[in-house]
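Data first, discussion second: the structure below is written as structure tokens.
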Amino acid sequence: MKPPSRLGIIGGNGWLGSALGEAVLRSGLIAPEQLVVTASRQHDHYQDWPGVACVDSAEALLKVVDTVVVSVRPEQFSQLSLALENRLIISLMAKVPMATLAKATGSERVVRAMPNAAAAIGRSYTPWCATTGVSMEERAFVQRLFSACGVSDEVEDEAQIDYLTALTGSGPAFPALLADALIRHAIAQGISPAMAKRSVLQVLSGASQLMLEESASPTEMVSRFLNYGGTTTKGLNAMLQRGFREAVQEGVEAAHGAAKS
């Protein structure tokens, strides 16, 4: 599908809306003159693209665009009046089902997606789901839109969006918790804070890249180290015996419950 004549992002100066907007501009998917954003904050994320139009309200944006991205907090959505006349709407909001979006906007062409904070550096994972009213051409455009800020997958069941909101929508939060625990332990052993941070983040970054490039799965990699019998084996066994997997799973379940509420 060719890009829309004009794409609007409600909340396009917020952290997630601006990450998506900047990503699609960098990719060349749309020209700056095709992007319209609401200026919800004074800071302008589009100084490098003077052709981008900033408007002061969602109502003004809707007058000039044919595809609308909604990137506001869920509690702010109920305050908006969006008569979309069956235009394509793409929601980046958690907790707002497609049926609610369709009813509130009058559009049967609805997409729900959940990027994460890594969209700002082009490394997000973005699952998305569409109503039956969204055409194959429009789905192809949505895939290209989210591929501009990382890796994206269409899922068939909206319930999977709620789960992935908890799992991948967390972005760096869960890995950051592991990094924080490792850094704190290193500092307690006399390692300087700067070195502790540098060493841990390099290990996590290298591990992520290695797991992406290796043919072995993370499960196989853990098993390899468990079977090796070295110092890492001792560390893994201690973590597993203290309920590491169970703690992680409980955390994801709690986030999943919040995403559904």
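The values are calculated or read from the model by the stated rules, or taken from the named source; none is laboratory data. Keep in mind the model is a prediction, meaning the values are calculated, not measured. Ideal geometry is used to build each Cβ from the backbone, glycine not excepted, and the neighbour counts take in all protein chains shown. Quick note on the areas: whole protein, heavy atoms, side chains included, nothing else; ligands and nucleic acids left out. Shrake-Rupley method; radii C 1.70, N 1.55, O 1.52, S 1.80 Å.
Please work out if residue 52 is surrounded by 14 or more Cβ atoms within 10 Å (Cβ to Cβ) and touching a strand residue (DSSP E or B) at 6+ places or on another chain (Cβ under 9 Å).
Details: surrounded by 14 or more Cβ atoms within 10 Å (Cβ to Cβ): yes; touching a strand residue (DSSP E or B) at 6+ places or on another chain (Cβ under 9 Å): yes.
Taking the combined requirement at face value, the residue satisfies it.
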Inset, instruction - Might you let me know whether segment 68-81 holds any residue that is open to solvent by less than 40 Å² (accessible area, probe 1.4 Å), at pLDDT 95 or above, hydrophobic (A, V, I, L, M, F, W, C) and assigned to a loop (DSSP other than H, G, I, E, B)? - result: no
Inset, instruction - Name every residue in segment 82-121 that is assigned to a loop (DSSP other than H, G, I, E, B) and within 20 Å of residue 258 (Cβ to Cβ), in order of residue number. - result: 92, 93, 94, 95, 96, 97, 114, 115, 116
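Given 109, 144, 123, which one is of a type in the set (D, E, K, R) and under 16 Å from residue 91 (Cβ atoms)?
On inspection, the qualifying residue turns out to be 109.
Can you work out which of the residues in segment 100-113 that are of a type in the set (A, V, I, L, M, F, W, C) and at pLDDT 95 or above is farthest from residue 137 (Cα to Cα)? Break it down stepwise before answering.
Going through segment 100-113, the residues of a type in the set (A, V, I, L, M, F, W, C) turn out to be 101-102, 104, 110-111, 113.
Still in the list and also at pLDDT 95 or above: 110-111, 113.
On the way: 110: 14, 111: 13, 113: 17 Å.
Once the filter is applied, the top-ranked residue is 113.
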Inset, instruction - Would you confirm whether any residue within segment 108-121 is buried (at least 22 other Cβ atoms within 10 Å of the Cβ), touching a residue at least 12 places away in the same chain (Cβ under 8 Å) and among the β-branched types (Val, Ile, Thr)? - result: yes
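Could you count how many residues in segment 219-252 are touching a helix residue (DSSP H, G or I) at 6+ places or on another chain (Cβ under 8 Å) and surrounded by 11 or more Cβ atoms within 10 Å (Cβ to Cβ)?
Taking segment 219-252 as the starting set, the residues that turn out to be touching a helix residue (DSSP H, G or I) at 6+ places or on another chain (Cβ under 8 Å) are 221-222, 225-227, 232-233, 236-237, 248, 251-252.
Next, only the ones that are surrounded by 11 or more Cβ atoms within 10 Å (Cβ to Cβ) stay: 221-222, 225-226, 232-233, 236-237, 248, 251-252.
The qualifying residues number 11.
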Legend entry - Residue among 7, 16, 29 that alone is surrounded by 13 or more Cβ atoms within 10 Å (Cβ to Cβ), of a type in the set (A, V, I, L, M), within 20 Å of residue 95 (Cα to Cα) and in contact with a helix residue (DSSP H, G or I) (Cβ under 8 Å, 6 or more places away or on another chain): 16
